[in-house]
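A.B. asks: Sending over a structure as structure tokens; questions will come in a sec.
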Amino acid sequence: MARGSSPHLVESLDQARPLADVLIDERLANLPPAEAALAAAPVIAAQPVDAWEPGVQTAAERVGVDADVIRSSVQAFIRAWNDNPARLADQQLGLTTQVRDRLSAAANAHRWETLASRIDPRLVTDPHWRTLASALHDAHASRVDVPDAITVALEDGPLNADAPAADLASRIERVTEPEPFTVDPTGEVDATHRDGHHHSGPHRPRTGIGW
């Protein structure tokens, strides 16, 4: 503030959303409908009385669950907050790791969405998309050139049409974390594991992956 930044600080504070709204949005955005409704209920219940019904209606509209279902869950948590607030607060604090993991997964999915869409638009709509995004993130964290790794993975043929994201995730893991060589009793190295991949056809030179 001494550096003249106070107007920016005031503006940021004015535009900041209430923490409860942020927590509710996180649950509604990252959990299946039934779980989202249940997870949002204690946050709604912890708010002032005049925020209860708007919170119930917002959650119901967002996840497509009947408002009465959410309202009954909120009522149960209102009683829990009144009966033993410290215990319920501890329970909610214990969920912070899960929230952090969900936020991390959402960030990973957003980061790799453009690349995945360019490779195959089905990937980002696949139910296993976040599994693939996590695999891409892990590869990047290991200093792997992700586009090159994907190119190598796709050399094994078309992706499984029923689960393209899960298929590509499995291939990325094999490419970036190859299995150790297997040795048969005669001491021969199993050729199918020589480069950490299973081949369905003749051996082809692999494109180098940048580390």
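A.B. asks: Among the residues in the stretch 43-58, are any outside the structural domain of GLU155 (by TED's automatic domain parsing), modelled with pLDDT of 90 or more, loosely packed, with under 13 Cβ neighbours inside 10 Å and of a type in the set (A, V, I, L, M)?
C.D. replies: Yes: one or more hits.
A.B. asks: Is there any pair with a first residue in the stretch 161-172 that is free of Cβ contacts under 8 Å to residues at least 40 places away in the same chain and a second that is assigned to a loop (DSSP other than H, G, I, E, B) whose Cβ atoms are under 7 Å apart and which are 6 or more apart or on different chains, and what are they?
C.D. replies: ALA163/ASP126; ALA163/HIS128; ASP167/LEU159; ASP167/ASN160
A.B. asks: Does SER134 fit the bill of being surrounded by fewer than 16 Cβ atoms within 10 Å (Cβ to Cβ), at pLDDT 85 or above and in a helix (DSSP H, G or I)? Show your work before the answer.
C.D. replies: Values: surrounded by fewer than 16 Cβ atoms within 10 Å (Cβ to Cβ): no; at pLDDT 85 or above: yes; in a helix (DSSP H, G or I): yes.
Against the criterion (surrounded by fewer than 16 Cβ atoms within 10 Å (Cβ to Cβ), at pLDDT 85 or above and in a helix (DSSP H, G or I)), SER134 does not qualify.
A.B. asks: If you don't mind, there's one more thing I want to ask. Name, by its number, the condition in (1) assigned to a helix (DSSP H, G or I); (2) surrounded by fewer than 18 Cβ atoms within 10 Å (Cβ to Cβ) that does not hold for ALA149.
C.D. replies: Result: ALA149 fails condition (2) only.
A.B. asks: What are the residues in the stretch 86-125 that are surrounded by 15 or more Cβ atoms within 10 Å (Cβ to Cβ), modelled with pLDDT under 75 and among the charged types (D, E, K, R), if any?
C.D. replies: The answer is ARG102, and nothing else.
A.B. asks: OK, next. In the stretch 59-68, which residues are surrounded by fewer than 17 Cβ atoms within 10 Å (Cβ to Cβ) and part of a helix (DSSP H, G or I)?
C.D. replies: From the stretch 59-68, those surrounded by fewer than 17 Cβ atoms within 10 Å (Cβ to Cβ) are 61, 64, 66-68; that's our starting set.
Residues satisfying the conditions are GLU61, ALA67, ASP68.
A.B. asks: Which one is farthest from LEU19 (Cα to Cα), of the residues in the stretch 47-103 that are touching a helix residue (DSSP H, G or I) at 6+ places or on another chain (Cβ under 8 Å) and hydroxyl-bearing (Ser, Thr, Tyr)?
C.D. replies: Going through the qualifying residues, I end up with SER73.
A.B. asks: Is it the case, given these coordinates, that ALA34 is surrounded by fewer than 14 Cβ atoms within 10 Å (Cβ to Cβ), closer than 20 Å to ALA107 by Cα and not assigned by TED's automatic domain parsing to the domain that holds ARG130? Talk me through it step by step, then tell me what you get.
C.D. replies: Numbers: surrounded by fewer than 14 Cβ atoms within 10 Å (Cβ to Cβ): yes; closer than 20 Å to ALA107 by Cα: no; not assigned by TED's automatic domain parsing to the domain that holds ARG130: yes.
Spelling it out, it is not the case that ALA34 is surrounded by fewer than 14 Cβ atoms within 10 Å (Cβ to Cβ), closer than 20 Å to ALA107 by Cα and not assigned by TED's automatic domain parsing to the domain that holds ARG130.
The values are calculated or read from the model by the stated rules, or taken from the named source; none is laboratory data. Source: prediction; values computed, not measured. In this analysis, Cβ positions are derived from the backbone assuming ideal geometry, glycine residues included, and neighbour counts consider all displayed protein chains.
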